[in-house]
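Below: one structure, written as structure tokens.
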Amino acid sequence: IILLVSESSSAFDISLRLLALYLCANRSAVFNMPSTYKRDKPWDTDDIDKWKEDTFTPDQNLGGTFSEESSFVTLFPKYRELYLKQSWPMITRTLEKHGIACTLDLVEGSMTVKTTRKTYDPAAILNARDLIKLLARSVPAPQAVKIMEDGTACDVIKIRGLVRNKDRFVKRRQRILGPNGSTLKALELLTQTYILVQGNTVSAMGGYKPLKEVRRVVEDCMANVHPIYHIKELMIKRELAKDPALKDENWDRFLPHFKKRNLAKRRKPFIVNDKKASGKNYTPFPPPQEKSKVDLQIESGEYFLSKAAKERGVRERRDEKMKEKMEERKKKREAAFKVPREGGEGVKKKKTKRKPEDGDGKKRNGDMPVVEMEA
């Protein structure tokens, strides 16, 4: 390392360059020095949660009251009006502890939360926003107020736009619930969350990491991946986490890998319908495209007519059809009043051949029957 010191260099620049030179020359002595702070800590045990956040108290709010008022508004459906009206006093008491004011507007159908001069926690208004959002999505009030606690978050997953067909959407949404709600209960126990399937959304409450698992399960279910596969994977992960030897290892070799079934590569049947044997001539070319309505109008010349001429042509065709139908009805009515012929003229009688018989009862060929007429 070559350090160039010019006449214009300041004393500070020179000292920095000398320090860099010293560190490069003695890096082994500087960076490999034994730490003097590595002492035994009997109070530091494995059961201590080092990431736990203490509850925010009014004493920690050194800034005082907020300079601006923050508010959030959420609309709710009509069927939630009676329930919200009954449970609103409990919600008001819960928000008052955090200095948040709330308003229920039954005329407009909305819920409003806003900060007051007693608000000391800046994150309380965000939790209150999530609270009214969960109440609008049919989450029970005793469960929804838990969002005000630290470490509890919520996620409202919109699932209607993930599936286009409505019947298919209903079937896949039912898979999240399972028979008698067993699949939903298994997901709640494995992820330690609260899940509610309502309408076009899935509401989940819990920790941040479990909420990511719930969103993955729900989105994959809408993509035609059954939740039972994720339930098996979560059960294996929970058992592996209990083993201290495998706690810090890669778990990919223990997790199941399910193959996707591609229907395009399914087995072909042995019986193949031969089109030549059926009498139809096979041609690799597709049938000719049918002419559109505009093409037919161009061929007939109607496309180039004015609007009045088109309307006149439509009226003429309609009048012709009416005249044809009227003539058919007139012929049917006249057929009932047709005059019959007199004396049986023109009526042909059916001739019957009589074969002659002998006195013995035997038939004779060529003899004509003799009929006697009385005077």
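Structure notes:
- Sorting 251, 43, 51, 88 by solvent-accessible area of protein heavy atoms yields 51, 43, 251, 88, largest first, with a 1.4 Å probe.
- Length gained when the stretch residue 110-residue 164 is fully extended (0.36 nm per residue, less Cα-Cα span): 16.5 nm
- Per-selection Kirkwood Rh - region 185-226 (Cα, Å, 1 d.p.): 10.5 Å
- Region 46-122: proportion of alpha-carbon pairs further apart than 14 angstrom, %: 69 percent
- For region 214-220, backbone phi angles converted through the Karplus equation (6.51, -1.76, 1.60; θ = phi - 60°) give residue-by-residue couplings of 5, 4, 5, 5, 5, 5, 5 Hz, Gly and Pro being listed as x.
- Neighbourhood charge, 15 Å Cβ-Cβ cut-off, centred on residue 54 and excluding it, Lys, Arg +1 and Asp, Glu -1: -4
- Gain on full stretching of the segment that runs from residue 57 to residue 289 - 0.36 nm per residue minus C-alpha separation: 75.9 nm
- Those GluC sites (Glu not before Pro) in region 69-111 that DSSP places in a loop and that have at most 12 other beta carbons within 10 Å: 69, 108
- Between residue 220 and residue 310, the distance separating the two model label sites (each 7 Å from Cα on the Cα→Cβ line) works out to 5.6 nm.
- Cubic angstrom per residue, convex hull over Cα atoms of region 113-155: 72 Å³
- From the largest down, region 135-212 spans 39, 24, 22 angstrom on the principal axes of its Cα atoms.
- In plain terms, the chain from residue 68 to residue 200 could stretch by 44.0 nm, reckoned as 0.36 nm per residue minus the Cα-Cα distance.
- Extending 7 Å from the Cα toward the beta-carbon at both residue 322 and residue 338 defines two label points whose distance is 3.0 nm.
- Only Cα pairs under 8 Å and 6+ residues apart enter the sum, and on that basis the relative contact order of region 32-175 stands at 22 percent.
The values are calculated or read from the model by the stated rules, or taken from the named source; none is laboratory data. What you see is a predicted model; the values in this text were computed from it and never measured. Note that we place each Cβ from the backbone using ideal geometry, even for glycine, and neighbour counts take in every protein chain shown. Heavy atoms of the whole protein, side chains included, go into the accessibility calculation; ligands, DNA and RNA do not. Shrake-Rupley method; radii C 1.70, N 1.55, O 1.52, S 1.80 Å.
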